[in-house]
Amino acid sequence: MMYYRMGGFDKISLDSVPAPDADQVKRGEVQSMAARKRKKKFNLSPKKLTIVLAVVIVLGILIGIPVFKTYKSGIKTYRQVKVLYDAVKKQNIALASDELATTKADLADTQKNFHYLLPFKFVPLVGWYYNDVDHMLSAGSYGLDTVGIVIESLKPYADVLGLKGGGSFSSGSAEDRIKTAVMTMGKITPRIDEISVSLDKVKAEIDQVNPGHYPAILFGKKLHDQLTQVKSLTDDGVTFVHQARPLIKQLPALLGEDNAQKYLVLFQNDKELRPTGGFITAYALFSLDKGVIHADKSEDIYTLDATVPNKPPAPQPILDYLPKVYTFNLRDSNLSPDFMQSMKTFRSMYDRSGGYVPVNGIIGIDTSVLVSTIKILDNSVTAGGITFTTDNDPHCDCPQVIYQLENNISRPVGYIRSDRKGLLGELLYAIMQKALSSSPKIYWGPLFQSMLVQTQQKHILFDLYNTDAQQGIEAMNAAGQILPFDGDYLHINDTNFAGAKTNLFLKEAVTDQLDVKSDGTIIKTVTINYKDPYPPSDCNLERGGLCLNATLRNWLRIYVPKGSKMLSSSGSQVKMKTYDDLGKTVFDGFLTVRPQGASTFTVSYQLPFKVSSSNLPSLIQKQPGTDGNLYTIIVNGKQIDSFPLLTDKTLQLKVR
């Protein structure tokens, strides 16, 4: 290339451009070849493009068809499960048996379609979800097997339990039906072992599912929470069945299959609340012979108390808070909030009483049992010349049965009324007679289910002397025990030491507040608000007043995790005490509540541990005899829950 000047500008001569050297030629050829290859690579011929599209379509069909079929059969199975659940909910055991067969067939079809997707098992990440679904389907299959065993076991007893369909005891008297049921029950109860094995298989499959595969965002969070809950419920269910198995196996013996069993029933009047549910006001002795109930005796507890010799001095709480009582009586023996512990104390005196009769266990019941039972029995039961109902009585704004019992038992009269509280025994016997003389399909089913609910809510408590049976009772949380727990714990125990029936009118609300510090320290503040909105009763005993509502004298104990340190308190009318009992730390005080008045008690304390994760397990145990005290849970200034406490309640509190 040559330059020369023209008119002041350099001009380039184009006629003399030098030829490229060999390296430049080589580089150009390589670049040209690479460009041709790229062009060739991304420009398929129509024939090859057709082949690729065909392969994609075939793969889509091969994958899409089983996916669609699996989805379709899965939806069908889900709907059928709801139909089965509805049949069970309606207590139609015959229909449930038919629907179970259909559900099993639908689930098997879903599993068959799903297994066509087996290749996905070996795909990274995707294989996780394939395995989770596979284990859940297998768990469902074993779960249906469990349901099948239960249904087949209950079928012969459908009429005895008041269920629809099935049943083999429809002929003969009610007594004959019960005897037949009890005598054949021993052939059925061993199937609890099959149920246990089947549930173990369910658990083994559920344990293989990892909720951690589902991120806690969007839809993943919902799946994560649901799977976590399923795993927890499965574990609890399997544990419960294992623990309750001894009770179920012992049922025929407990019902007097071979030898008659005798039980002592204590009536705890929850309207005069005591630690295990109420003041022990009366007792009754019942025998069970091949399932048939016989009322042997019923008496006022004072009558039995009078036969106990050499009573010890009253414990300090009675001396401190229960006026004019200086000796320890049977009627006051349920001072421990743990029913089993209180019954040990009761038995130590009962065994020395002149009215002692050997029994096979003690059963505690309260007024809630009477009210719920009478309501089922057409809301009318007659005993002692009185017709009892659950209609509201304006004298106390409470069920008529409660007022009539108090009116006949508690009201003072100008003459000697022997065995006043024996009326309770007569009422219990009348209830049993009305239930047993009816057709099973009228009352028995609702009564059986009501008994389960009343037991769950601690209105019925059991202390059975059969060790295996009691183990099952404790597994059902039906022994009224203060339970061990790893985490936060709260049990509020009130004791009415006034003699009046103030708890009939009292309203109680609890605020349970947690404040979590940056280092994990937990400060709790429990506030209890007591309110009696009703006017006082006529408590002039000389003129025969019925003293239902009077000033409440309340011995208060709050059970918290052992090692907790009280920081402050207010509302107690005596100096607060702190001590350990039943594996817990106890804050002990006393307060009064006047009619048409209110009182507030507050205690702040530090838990003996620091929280190390975002969730804190918490157990609130209900006091037997209470009914729906309102609890409000506040964490770090934010209300997270509010509920009436009807049963023991376990919570997972998010504290961080």
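Are any of the residues in region 201-212 surrounded by fewer than 19 Cβ atoms within 10 Å (Cβ to Cβ), under 21 Å from A244 (Cα atoms), basic (K, R) and modelled with pLDDT under 75?
No - not one qualifying residue is present in region 201-212.
Would you mention how many residues in region 558-614 are assigned to a strand (DSSP E or B) and in contact with a helix residue (DSSP H, G or I) (Cβ under 9 Å, 6 or more places away or on another chain)? Show your work before the answer.
Going through region 558-614, the residues assigned to a strand (DSSP E or B) turn out to be 558-561, 565-570, 577-581, 584-593, 597-610.
Add one more test, that the residue is in contact with a helix residue (DSSP H, G or I) (Cβ under 9 Å, 6 or more places away or on another chain), and what stays is 588, 590, 593.
Residues meeting the conditions: 3.
Confirm whether M340 is among the aliphatic types (A, V, I, L, M), modelled with pLDDT of 95 or more and in contact with a Ser or Thr (Cβ under 8 Å, 6 or more places away or on another chain). Steps first, answer last, please.
Details: among the aliphatic types (A, V, I, L, M): yes; modelled with pLDDT of 95 or more: yes; in contact with a Ser or Thr (Cβ under 8 Å, 6 or more places away or on another chain): no.
In short, no.
Would you confirm whether any residue within region 390-397 is crowded, with 17+ Cβ neighbours inside 10 Å and either in contact (Cβ under 8 Å) with a residue 60 or more places away in the chain or under 14 Å from Q268 (Cβ atoms) (or both)?
yes
Of all residues in region 539-590 being within 30 Å of I402 (Cα to Cα) and of a type in the set (K, R), which is farthest from the chain's Cα centre (by Cα)?
Ranking the qualifying residues of region 539-590, first place goes to R543.
With F267, F279, F328 as the choices, which residue is without any contact (Cβ under 8 Å) to a residue 60 or more places away in the chain and of a type in the set (A, V, I, L, M, F, W, C)?
On the way: F267 fails: without any contact (Cβ under 8 Å) to a residue 60 or more places away in the chain; F279 fails: without any contact (Cβ under 8 Å) to a residue 60 or more places away in the chain.
Step by step, each of F267, F279, F328 is checked, and only F328 is without any contact (Cβ under 8 Å) to a residue 60 or more places away in the chain and of a type in the set (A, V, I, L, M, F, W, C).
Quickly run through region 448-482 and pick out the residues that are under 14 Å from the mean Cα position of the chain (by Cα) and acidic (D, E).
Within region 448-482, just E474 meets the criteria.
Would you pick out the residues in region 81-136 that are small (G, A, S) and either more than 18 Å from T70 (Cβ to Cβ) or crowded, with 19+ Cβ neighbours inside 10 Å (or both)?
Step one: list which residues in region 81-136 are small (G, A, S), which gives 87, 94, 96-97, 101, 105, 108, 127.
Matches in region 81-136: A87, A94, A96, S97, A101.
Looking at (1) in a helix (DSSP H, G or I); (2) of a type outside the set (S, T, N, Q); (3) buried (at least 19 other Cβ atoms within 10 Å of the Cβ); (4) modelled with pLDDT under 75, can you tell me which one A139 breaks?
Going through (1) in a helix (DSSP H, G or I); (2) of a type outside the set (S, T, N, Q); (3) buried (at least 19 other Cβ atoms within 10 Å of the Cβ); (4) modelled with pLDDT under 75 one by one, A139 breaks only (4).
Tell me which residues, restricted to region 293-339, are among the charged types (D, E, K, R) and closer than 30 Å to E474 by Cα. Even if it seems obvious, please write down each step before you answer.
Of region 293-339, the ones among the charged types (D, E, K, R) are 296-297, 299-300, 305, 311, 320, 324, 331-332, 338.
Selection gives D296, K297, E299, D300, D305, R331, D332, D338.
Just to be sure I understand the filter: pairs with C-beta atoms under 6 Å, separated by 6 or more residues or on different chains, first member in region 221-244 and at pLDDT 75 or above and surrounded by 15 or more Cβ atoms within 10 Å (Cβ to Cβ), second member in a helix (DSSP H, G or I) and of a type in the set (V, I, T). Which pairs pass?
Final answer for the pair search is K231/I206; T234/I206.
Results for (1) surrounded by 23 or more Cβ atoms within 10 Å (Cβ to Cβ); (2) in the same structural domain as L619 (by TED's automatic domain parsing); (3) under 22 Å from K584 (Cβ atoms), shown as yes or no for each residue.
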position: T495; (1), (2), (3): yes, yes, yes
position: G499; (1), (2), (3): no, yes, no
position: T502; (1), (2), (3): yes, yes, no
position: F505; (1), (2), (3): yes, yes, no
position: V510; (1), (2), (3): no, yes, yes
position: Q513; (1), (2), (3): no, yes, yes
position: G520; (1), (2), (3): no, yes, yes
position: I523; (1), (2), (3): no, yes, yes
position: V526; (1), (2), (3): no, yes, yes
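Being part of a helix (DSSP H, G or I) and of a type in the set (A, V, I, L, M, F, W, C) is the filter here; which residues of region 227-269 pass it? Before the answer, list the steps.
Going through region 227-269, the residues part of a helix (DSSP H, G or I) turn out to be 227-254.
Hits for region 227-269 are L227, V230, L233, V238, F240, V241, A244, L247, I248, L251, A253, L254.
In region 338-385, what residues are of a type in the set (D, E) and in contact (Cβ under 8 Å) with a residue 24 or more places away in the chain?
To start, the set of residues in region 338-385 that are of a type in the set (D, E) comprises 338, 351, 366, 378.
The answer is D338, D366.
Would you say S564 is modelled with pLDDT of 95 or more, of a type in the set (S, T, N, Q) and not assigned by TED's automatic domain parsing to the domain that holds I409?
Answer is yes for this residue.
Go over the candidates S537, S599, S614, S572 one by one and state the one that is touching a residue at least 24 places away in the same chain (Cβ under 8 Å) and closer than 22 Å to F485 by Cα. Steps first, answer last, please.
Details: S537 fails: closer than 22 Å to F485 by Cα; S599 fails: closer than 22 Å to F485 by Cα; S572 fails: closer than 22 Å to F485 by Cα.
After ruling out the rest, the residue left standing is S614.
Within region 380-390, restricting attention to residues that are assigned to a loop (DSSP other than H, G, I, E, B) and out of contact with any strand residue (DSSP E or B) (no Cβ under 7 Å at 6 or more places or on another chain), which residue is farthest from M340 (Cα to Cα)?
Applying the filter and picking the extreme gives G385.
If you check D468, D486, D463, which single one turns out to be crowded, with 18+ Cβ neighbours inside 10 Å and either under 30 Å from P595 (Cβ atoms) or touching a residue at least 24 places away in the same chain (Cβ under 8 Å) (or both)?
Residue meeting the stated conditions: D463.
Residue by residue through region 588-633, note down the ones that are under 16 Å from T521 (Cα atoms), of a type outside the set (K, R) and touching a strand residue (DSSP E or B) at 6+ places or on another chain (Cβ under 7 Å). Don't jump to the end; show me each part of the working.
Looking only at region 588-633, we keep the residues that are under 16 Å from T521 (Cα atoms), and these are 604-618.
Next cut, of a type outside the set (K, R) only: 604-609, 611-618.
Listed by number, the residues that qualify are S604, Y605, Q606, L607, P608, V611, S614, N615, L616, P617, S618.
Do we find a residue being closer than 30 Å to L247 by Cβ and assigned to a helix (DSSP H, G or I) anywhere in region 475-493?
yes
Among (1) under 30 Å from T228 (Cα atoms); (2) modelled with pLDDT of 95 or more, there is one condition L591 misses while meeting the rest; what is its number?
Against the list (1) under 30 Å from T228 (Cα atoms); (2) modelled with pLDDT of 95 or more, L591 comes up short only on (1).
Of the residues T632, T647, T626, which single one is outside any strand (DSSP E or B) and surrounded by fewer than 20 Cβ atoms within 10 Å (Cβ to Cβ)? Outline the logic, then answer.
Details: T632 fails: outside any strand (DSSP E or B); T626 fails: surrounded by fewer than 20 Cβ atoms within 10 Å (Cβ to Cβ).
Going through T632, T647, T626 in turn, the sole match is T647.
The values are calculated or read from the model by the stated rules, or taken from the named source; none is laboratory data. Since the model is a prediction, treat every value here as computed from it, not as a measurement. Reconstructed Cβ throughout: ideal geometry from the backbone, glycine too, with neighbour counts over all protein chains shown.
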